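First the structure, in the form of structure tokens, and then the observations on it.
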Amino acid sequence: MEPNGIPGQTNYCFYGEDPTFENQPPHSGDFRSTWMPAPPELPNCPPGVEYLSQIDQLIIHQQTELLEVITGYETNNKYEIKNSMGQRVYFAAEENSCCNRYFCGSARSFAIVITDNRGQEIIRLLRPLRCTCCLTPCCLQKLEVQSPPGIIIGYVIQNWHPFLQKFSIQNERHENVLRIVGPCLTCSCCSDINFMVKSVDEMFEVGRISKQWSGLVNEMCTDADIFGVQFPMNLDVKIKAVMLGACFLIDFMFFEYSKDYSSF
């Protein structure tokens, strides 16, 4: 029997298998891609985030940096964010110091600025520096999502679990809205790695964040990954923005294979 809703929560359109989302071909990062047409403004919606009201899935393509490929020196990450039609929705860029990137590696703190087609900052993601090698609940990861910059709209909080990778999607009041449940092992050959987005009680699946397989050469030679994010169309646009932030945190935690020079 199909679920009719979650008591006390919005009745989302629950996730089902979508052949247009699974195993999508890698996007080339072509800068000639057209931008998604601007939708009408929405009441009580941060400026620029209304794009997400018309989207139920996003493709995040990390750009390959030639300097990083040749020298192995970690540079600030840059991303194209597209809809399922290949239209660019946002552009994202990491803001960080070379010392932080060099000594802290993938555990580094960061600010990621997400901009629209006019270069206007829409969303800001902030990750504090925390230890990632601890096996106890004392040093769990956290991401703060702001839109517009300076106004918090939600958080991504890592939850401790002995085997699985788990996170909570929270609103600005630190109230749990969704859960993310990842696999025990975040490595796979020739297949996608899926982090399931579920209801707070983890009874129903409502979406997913997928690290998509991008080919053997790209996987071995670079850390420029391709991610897909799928969520209910009728999900609050602020929570969609927080889920987008969760994708970046997952990328840094599990798939940023740069060499770490610190003990973090």
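When segment 42-63 is filtered for residues that are part of a strand (DSSP E or B) and touching a Lys or Arg at 6+ places or on another chain (Cβ under 9 Å), the ones remaining, listed by number, are Leu58, Ile59, Ile60, His61, Gln62.
Filtering segment 219-234 to residues that are modelled with pLDDT of 80 or more and open to solvent by 10 Å² or more (accessible area, probe 1.4 Å) leaves Gln230, Met233, Asn234.
Hey, among the residues in segment 173-210 that are outside any strand (DSSP E or B) and of a type in the set (Asp, Glu), which one's nearest to Leu143 (Cα to Cα)? It would help to see each step written out before you state the result.
Within segment 173-210, the subset outside any strand (DSSP E or B) is 173-175, 182-192, 199-204.
If we keep only those that are of a type in the set (Asp, Glu) as well, we get 175, 192, 201-202.
Values: Glu175: 14, Asp192: 24, Asp201: 21, Glu202: 21 Å.
The residue in question is Glu175.
Please go through segment 178-193 and pick out each residue that is under 17 Å from Met253 (Cα atoms) and either touching a helix residue (DSSP H, G or I) at 6+ places or on another chain (Cβ under 9 Å) or at pLDDT below 95 (or both). Scanning segment 178-193 gives Ile180, Gly182, Pro183, Cys184, Leu185, Thr186, Cys187, Ser188, Asp192, Ile193.
I'd like the full set of residues that are touching a Leu at 6+ places or on another chain (Cβ under 8 Å) and closer than 17 Å to Tyr51 by Cβ, limited to segment 141-168.
Of the residues in segment 141-168, the ones touching a Leu at 6+ places or on another chain (Cβ under 8 Å) are 141, 143-146, 155-160, 167-168.
Once the filter is applied, which keeps residues that are touching a Leu at 6+ places or on another chain (Cβ under 8 Å) and closer than 17 Å to Tyr51 by Cβ, segment 141-168 yields Val145, Gln146.
Cβ-Cβ distances below 6 Å connect the following pairs, each with a first residue in segment 56-69 that is at pLDDT 90 or above, a second residue that is of a type in the set (Ser, Thr, Tyr) and in a loop (DSSP other than H, G, I, E, B), and a separation of six or more residues or different chains: Gln57/Ser84. Selection within segment 91-107: residues that are in contact (Cβ under 8 Å) with a residue 40 or more places away in the chain and buried (at least 16 other Cβ atoms within 10 Å of the Cβ). The member of this set that is farthest from Glu256 (Cα to Cα) is Ala92.
The values are calculated or read from the model by the stated rules, or taken from the named source; none is laboratory data. It should be emphasised that the depicted structure is a prediction, and the values quoted were computed from it without experimental measurement. Counting neighbours? That spans all protein chains shown, and the Cβs are built from the backbone with ideal geometry, glycine included. Quick note on the areas: whole protein, heavy atoms, side chains included, nothing else; ligands and nucleic acids left out. Shrake-Rupley method; radii C 1.70, N 1.55, O 1.52, S 1.80 Å.
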